[in-house]
Amino acid sequence: MMSPDLKPGIRFEWKYIVPERATVPNLYHDTVFCRDMPDVLATGYLVGMMELACTQGIMAYVDWPREQSVGTLVSFSHLAATPAGMQLTVKGEVTEVEGRRVRFRVEAWDEVEKISEGMHERHVILAEKFKTKMISKQAGMFT
């Protein structure tokens, strides 16, 4: 059960080394024109890192793994390019908790500068109930 201690003001930090697979040409290797794009951290991968940092940041406040969270809103600026091999530091803060909805202010830094800032929203879910719903949804696709 979500802890009543999950409330605004909780701060967290998460570090991650940017892998080669996270660069634009590697992440989108099956799209021909992307192979010629700059070999830097893809925005899509950066968004994922921001989401994972928020997930990890509230993990101690939910009954993990019975309760998990899913992203429902992202609004990030990608301010600077980062090559593979650099360490990202994602810093976040819970800004709002309403029922199972949790909002965050998040920023990311590489070893030189701030590369992203914005807000994110997640909803705490019951993993088994969510899985059952997805199985039903998938079954409906094939009938």
What is the spin-label model distance, in nm, from THR31 to LEU79 if the labels are put 7 Å beyond Cα along the C-beta direction? 2.5
Please identify, among SER77, SER69, SER116, the residue showing maximal mean-square fluctuation in a Gaussian network model of the chain using a 10 angstrom Cα cutoff. SER77
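Roughly to the nearest percent, how much of the accessible area of the chain is carbon and sulfur, given a 1.4 Å probe?
Working: 4720 of 8430 Å².
Accessible surface attributable to carbon and sulfur in the chain totals 56 percent.
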Need one number: nm distance between label points at TYR16 and HIS123, each 7 Å from Cα along Cα→Cβ, rounded to one decimal. 2.3
Which ³J(HN,Hα) values in Hz, rounded to whole numbers, follow from the phi angles of segment 4-17 under the Karplus curve 6.51 cos²θ - 1.76 cosθ + 1.60, where θ = phi - 60° and Gly and Pro get x? x, 6, 6, 8, x, x, 5, 10, 8, 9, 9, 10, 7, 8
Springs between alpha-carbon atoms under 10 Å, Gaussian network over the chain: tell me which of MET86, MET59, MET37 tops the mean-square fluctuations. MET37
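Pairs of alpha-carbon atoms within less than 8 angstrom and 6+ residues apart define the contacts here; what relative contact order does the chain have, in percent? Let's see the in-between values first.
Numbers: 269 pairs, mean separation 39.9, N = 143.
Relative contact order for the chain comes out at 28 percent.
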Mind checking the per residue accessible area of the chain for me, 1.4 Å probe, whole number of Å²? 59
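Find how much the distance from GLU111 to GLN56 grows on full extension, using 0.36 nm per residue of separation minus their present alpha carbon separation; answer in nm with one decimal.
Numbers: separation 55, 0.36 × 55 = 19.80 nm, distance 2.12 nm.
Computed gain between GLU111 and GLN56 is 17.7 nm.
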Go ahead and set up a Gaussian network model of the chain, Cα springs under 10 Å, then flag whichever of ASP39, ASP63, ASP30 fluctuates most. ASP30
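The values are calculated or read from the model by the stated rules, or taken from the named source; none is laboratory data. Treat the numbers as computed from the prediction; the structure is a model and nothing was measured. A quick note on method: Cβ atoms are made from the backbone with ideal geometry, for glycine too, and the neighbour counts reach across all protein chains shown. These area figures cover heavy atoms from the full protein model, side chains too; ligands, DNA and RNA do not enter into them. Shrake-Rupley method; radii C 1.70, N 1.55, O 1.52, S 1.80 Å.
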